[in-house]
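Notes to accompany the following structure.
The values are calculated or read from the model by the stated rules, or taken from the named source; none is laboratory data. Given the structure is predicted, the values throughout are model-derived calculations rather than measurements. Quick reminder, even Gly has a Cβ in these numbers, built from the backbone with ideal geometry, and neighbours come from all protein chains shown. We work out accessible area using only protein heavy atoms, side chains counted, and drop any ligands, DNA or RNA first. Shrake-Rupley method; radii C 1.70, N 1.55, O 1.52, S 1.80 Å.
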Amino acid sequence: MEIGIIGLGLIGGSLAKAISQNTDNTVYGYDISDQVVKKAVLVNAIEQPLTDDLLTQCDIVIVALYPQATIDYVTKHAELFKPGAVVVDCCGVKKPVCDRLIPLAEEKGFLFVGGHPMAGLEHSGFTYAKKSLFNNASMIFTATRGPIESMSKLKDLFTSIGFTNIEITTPEEHDRRIAFTSQLAHVVSNAYIKSPTAQQHEGFSAGSYKDLTRVAKLNEDMWTELFLKNPDNLVTEIDTLMENLKQYRDAISSGDDDTLRRLLREGREKKALIDNEIF
């Protein structure tokens with residue numbers, strides 16, 4: 001197949017490397033930075049730069065841009081996708097993107113599938129892209145009314161580059177769950193590191209500190225857009241966390257060892273239950 005990748009940052013660049021080096025597909029790539037495109041060609045991540053002419057030949061187009069940029073790109077190039085082509089995005093929110101692009105795709109004769117690769121690093125950019133980024137990761141797709149063959153094609157492609165779990169869900173369910181599993185974690189980490197005590201952590205920190213602060217080093221432009229495109233779900237999760245934290249705070253402040261022990265036990269048991277359900 002001929003595959004076009006729009007955006008050669010961490011995710012798009014890693015997809016390009018993984019597909020080029022692990023499959024027989026031909027990969028073309030586009031990025032706003034000409035230097036990134038040249039580097040991608042040099043390291044054999046892409047066959048050549050993606051032009052409008054090549055875009056018309058692509059069987060699959062992967063758009064690895066921010067949500068609004070994804071909407072803008074697909075809308076602008078809707079006439080160029082060949083009939084039956086599959087266009088899949090990589091955004092961390094799905095409903096705002098799918099609501100705009102699924103009707104457009106149906107009108108223009110191509111298939112749009114919302115996608116979200118559950119992989120990443122605390123760094124961004126092509127420099128950090130690697131073909132192994134998706135090993136043992138989950139790939140989320142939104143349900144589509146398109147032919148089953150198209151979804152099979154996507155599943156085969158993504159499992160061939162390391163994904164070991166494919167999830168099919170609705171845009172609404174994706175955004176509800178991701179508010180907790182990803183977005184809330186970034187909010188908490190980013191807020192946690194703002195404590196003045198963080199500047200005196202050296203020699204007094206270990207695994208728990210490193211785990212909790214890892215994603216505080218985020219891309220504020222991307223995460224601002226992701227948070228603001230999923231406000232209701234994320235605010236609900238933040239409110240729940242604040243209510244839970246207040247219970248711990250009150251028990252500690254009042255010296256209520258019975259309540260504190262109960263809260264800690266409940267958290268431990270909930271973690272054990274969830275781990276058993278997953279594994």
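Could you please find all residues in segment 2-32 being over 10 Å from K131 (Cα atoms), surrounded by fewer than 18 Cβ atoms within 10 Å (Cβ to Cβ) and touching a residue at least 60 places away in the same chain (Cβ under 8 Å)?
T23, N25
Only one residue in A69, A78, A18, A40 is part of a loop (DSSP other than H, G, I, E, B) and either at pLDDT 95 or above or within 21 Å of L226 (Cα to Cα) (or both). Which one?
Matching residue, one of A69, A78, A18, A40: A78.
Matching residues to (1) in contact with a strand residue (DSSP E or B) (Cβ under 8 Å, 6 or more places away or on another chain); (2) over 26 Å from G29 (Cβ atoms); (3) modelled with pLDDT under 90:
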| site | (1), (2), (3) |
| --- | --- |
| E149 | no, no, yes |
| D156 | no, no, no |
| S160 | no, no, no |
| T197 | no, yes, no |
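How many residues does segment 112-157 hold that are of a type outside the set (S, T, N, Q), under 18 Å from A64 (Cβ atoms) and in contact with a helix residue (DSSP H, G or I) (Cβ under 9 Å, 6 or more places away or on another chain)?
24
Name the single residue that is least open to solvent (accessible area, probe 1.4 Å) among those in segment 52-66 being over 12 Å from I6 (Cβ atoms) and in a loop (DSSP other than H, G, I, E, B).
Among them, the one singled out is D59.
Pick from segment 213-238 the residues that are open to solvent by 70 Å² or more (accessible area, probe 1.4 Å) and part of a helix (DSSP H, G or I): which of them is farthest from H174 (Cα to Cα)?
Out of the qualifying residues, it is R214.
With the checklist (1) surrounded by fewer than 17 Cβ atoms within 10 Å (Cβ to Cβ); (2) touching a residue at least 12 places away in the same chain (Cβ under 8 Å) in hand, flag the one item F81 doesn't pass.
The single condition F81 does not satisfy is (1).
Limited to segment 184-239, what total is found for residues that are among the aromatic types (F, W, Y) and either touching a residue at least 60 places away in the same chain (Cβ under 8 Å) or more than 17 Å from G120 (Cβ to Cβ) (or both)?
Of the residues in segment 184-239, 3 are among the aromatic types (F, W, Y) and either touching a residue at least 60 places away in the same chain (Cβ under 8 Å) or more than 17 Å from G120 (Cβ to Cβ) (or both).
Considering segment 135-174 alone, what residues qualify as being open to solvent by less than 20 Å² (accessible area, probe 1.4 Å) and aliphatic (A, V, I, L, M)?
A137, M139, L154, L157, I161, listed by residue number.
Does T169 count as closer than 23 Å to A40 by Cβ and of a type in the set (S, T, Y)? Break it down stepwise before answering.
Details: closer than 23 Å to A40 by Cβ: no; of a type in the set (S, T, Y): yes.
Taking the combined requirement at face value, the residue does not satisfy it.
For (1) modelled with pLDDT of 95 or more; (2) touching an Asp or Glu at 6+ places or on another chain (Cβ under 8 Å); (3) within 30 Å of T70 (Cα to Cα), each residue gets a yes or a no:
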| site | (1), (2), (3) |
| --- | --- |
| D211 | no, no, no |
| L228 | yes, no, yes |
| P231 | yes, no, yes |
| L234 | yes, no, yes |
| L245 | yes, no, no |
| G255 | yes, no, no |
| R261 | yes, no, no |
